[in-house]
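First comes the structure, then the notes that go with it.
The values are calculated or read from the model by the stated rules, or taken from the named source; none is laboratory data. No experiment lies behind these values; they were computed from the predicted model shown. Note that we place each Cβ from the backbone using ideal geometry, even for glycine, and neighbour counts take in every protein chain shown. Just the protein is used for accessible areas: all its heavy atoms, side chains included, with ligands, DNA and RNA removed. Shrake-Rupley method; radii C 1.70, N 1.55, O 1.52, S 1.80 Å.
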Amino acid sequence: MKYETNPPDAASLMMSARSFGNYDLPAALADLIDNSIKAGAREIALTCLYREGDPEIRVRDDGHGLSGQELRNAMRPASSNPLAERSPDDLGRFGWGMKSASFSQCARLTVLSHRGGELTGCVWDLADVDAWRMGVLDDDEISALASAELIARDGVEVIWSDCDRLSESQTLTQSEFNALIVHAENRLALVFHRYLGGEVRGKRLTIRLNGRKIEALDPFYRDHEATQQLEAEPLMIGGRTIDIQPFILPHYSKLLPNQYDQLGGEEGFLRNQGFYVYRNHRLIISGTWFRLLRHGELSQLVRVRVDLPNALDHVWKITIDKSDAQLPAALRNRLRQLVEGLRRRSSRVYRSRGGRLDRAGTTSVWSRYARGGEIRYAINREHPVIEALLDVEDDDQRTAVSTALKIIEQAFPVAAFSQDAVREWDGIQQTLTDPVAFRADLIAALPLLLMQVDGDFTALGKLLRITEPWCEAWGATETVLREKGWVDA
Ligand SMILES: Nc1ncnc2c1ncn2[C@@H]1O[C@H](COP(=O)(O)OP(=O)(O)OP(=O)(O)O)[C@@H](O)[C@H]1O
Ligand SMILES: [Mg+2]
């Protein structure tokens, strides 16, 4: 056998690199931030400019920077071997991140570096990479492009231009761009919260986005007194420890609306329950149960922190964009047991707040009657909303309402419900968990409730305090009453 060299075509390979991984804007920025953290940066400045629909995005750090030769190496695709051992604090793995993350968003990547007085700049332009032609900037070009901060001190500044992948449509509007930036800010606040909060290496990382500091977003809300931190469970795999730390978040009735919105995130509590997997303290996956459990209502307060060291990348099959990993088979059973126990504990928090029937001193919506081995559920006719329905002059209308209530009670789907309660407990979604809807429903019911108390605000407050569902989330109810100016309530 003889050997020939058979290199890839530069343009084709670089084009394919645009589709490596599943990057969105925050994931791509996070990959660059990983590099900055590895380079010892304490401050990272993100600048996102709309520029009349031709956006430019910069990531500048104050890390140790790169020499001219190091920058040339770093620009090379697959600049290191994924199998090489990495220092325990290294957030990289593949030698691709800077390139693949950048090309997922833009067609022109410029990297400027300052190390010990030496300024260097290299450019990959996807429109012009034939035969691996890479641009090397001269001093004037660097001075014209670099920010004053980079010229003043060591660090790296990555610039994305020709950002043709920010939007699926041809033209990116200003409001679309703004929405992307807000989304990126929220996501980065979460992904790097342990660095931003000063939990790693005892020093706090600052990330600014267009000048504004990104505040850490702790998905476990450890600052809140009602968050429960359960026993940690260290698991061993491949001779290494994985730390597993479960939390149960506060019930929504203990959160203010803005706290609830922030913790729920863009997709809400239901979707954001589950494992939060960190690799070297950087969040890589959030809100998954790895198919061990469904995203059910009763487990929606459970979030489990999983800490992986980078030495286990191969076991977890970490992807190039660091946004996915697979649960190793050896851990499945142990985690399944853990998750089962957590689900039971979370349901207790949930049920102790929601659907308590006939609690002394409160007016419930449903009443439960148990006599001589027979159990019957009935709608409470004394509940103020039901009472208002029945309290009408017109006999026919009253009979109609009464009949409606009776047929609802009689047709209660007992068989289906009991089957679901046994088999699909997690899937039942009956209680209201969304504070925005809770608030809207209360506001809609207020005129009717006020009539029930002859317009007396003090009496209204007293009534709501003991009436379901408003007494269950008294904080939220009281807020509405205060806003109405019924402070007496
Ligand atoms: N901001 C930076 N400061 C200093 N060095 C950097 C910076 N960004 C990249 N580098 C250097 O460039 C190299 C290549 O970065 P790149 O992100 O492409 O790959 P990686 O970080 O090694 O692995 P991965 O593909 O997993 O991200 C890094 O290993 C690092 O040496
Ligand atoms: Mg990297």
- From SER286, SER253, residue being closer than 27 Å to HIS314 by Cα and either under 17 Å from the mean Cα position of the chain (by Cα) or small (Gly, Ala, Ser) (or both): SER286
- Note on the structure: The correct count of residues that are closer than 17 Å to LEU13 by Cβ, part of a loop (DSSP other than H, G, I, E, B) and among the basic types (Lys, Arg) in the range 75-111 is 1
- Message: Quick check on the range 169-186: of everything there that is closer than 19 Å to ALA45 by Cβ and in contact with a Leu (Cβ under 6 Å, 6 or more places away or on another chain), which residue is least open to solvent (accessible area, probe 1.4 Å)?
- Response: ALA184
- If you go through the range 411-421 one residue at a time, do you hit one that is touching a residue at least 24 places away in the same chain (Cβ under 8 Å), open to solvent by 40 Å² or more (accessible area, probe 1.4 Å) and within 41 Å of the chain's Cα centre (by Cα)? yes
- Query: For LEU172, are the conditions met, namely being more than 23 Å from SER100 (Cβ to Cβ) and either assigned by TED's automatic domain parsing to the domain that holds ASP62 or more than 17 Å from the chain's Cα centre (by Cα) (or both)?
  - Reply: no
- Task: Considering only the range 422-453, state which residues are open to solvent by 30 Å² or more (accessible area, probe 1.4 Å), touching a residue at least 40 places away in the same chain (Cβ under 8 Å) and charged (D, E, K, R).
- Result: ASP434, ARG439
- Message: Suppose we keep only residues that are within 19 Å of ARG282 (Cβ to Cβ) and part of a strand (DSSP E or B) within the range 51-74. Which one would you say is nearest to ligand 1 (Cβ to nearest atom)?
- Response: ASP61
- Tell me, yes or no, whether the range 96-113 has at least one residue that is in the same structural domain as ALA179 (by TED's automatic domain parsing), within 8 Å of ligand 1 (Cβ to nearest atom) and over 28 Å from the mean Cα position of the chain (by Cα). yes
- Filter the range 32-54 for residues that are within 14 Å of ligand 2 (Cβ to nearest atom) and within 14 Å of ILE214 (Cα to Cα) and give the result. ILE33, ILE44
- Task: Just give me the residues in the range 123-141 being of a type in the set (Lys, Arg) and surrounded by 15 or more Cβ atoms within 10 Å (Cβ to Cβ), in sequence order.
- Result: none
- Task: Among residues belonging to the range 260-304 that are out of contact with any Gly (no Cβ under 9 Å at 6 or more places or on another chain) and on the phi > 0 side of the Ramachandran plot, point out the one that is surrounded by the fewest Cβ atoms within 10 Å (Cβ to Cβ).
- Result: ARG291
- Message: Test of understanding: among ALA216, ALA189, ALA226, which residue is surrounded by 12 or more Cβ atoms within 10 Å (Cβ to Cβ) and over 25 Å from ASP62 (Cβ atoms)?
- Response: ALA226
- Message: Just to check your reading of the model, which residue among ASP321, ASP313 is under 16 Å from PRO82 (Cβ atoms), modelled with pLDDT under 90 and part of a loop (DSSP other than H, G, I, E, B)?
- Response: ASP321
- In the range 305-323, which residue that is within 16 Å of ligand 2 (Cβ to nearest atom), out of contact with any Ser or Thr (no Cβ under 7 Å at 6 or more places or on another chain) and open to solvent by 30 Å² or more (accessible area, probe 1.4 Å) is farthest from LYS254 (Cα to Cα)? THR319
- Query: How many of the residues making up the range 55-85 are within 14 Å of ligand 2 (Cβ to nearest atom) and either surrounded by fewer than 18 Cβ atoms within 10 Å (Cβ to Cβ) or free of Cβ contacts under 8 Å to residues at least 12 places away in the same chain (or both)?
  - Reply: 9
- Query: Which of the residues spanning the range 454-489 are of a type in the set (A, V, I, L, M), touching a residue at least 60 places away in the same chain (Cβ under 8 Å) and open to solvent by 20 Å² or more (accessible area, probe 1.4 Å)?
  - Reply: LEU463, ILE466, ALA476
- Item | Selection within the range 255-291 - more than 20 Å from ASP426 (Cβ to Cβ) and among the hydroxyl-bearing types (Ser, Thr, Tyr) | TYR260, TYR278
- Note on the structure: Subset of the range 142-160, residues over 28 Å from the mean Cα position of the chain (by Cα) and open to solvent by less than 40 Å² (accessible area, probe 1.4 Å), comes to ILE142, ALA146, SER147, LEU150, GLY155, VAL156
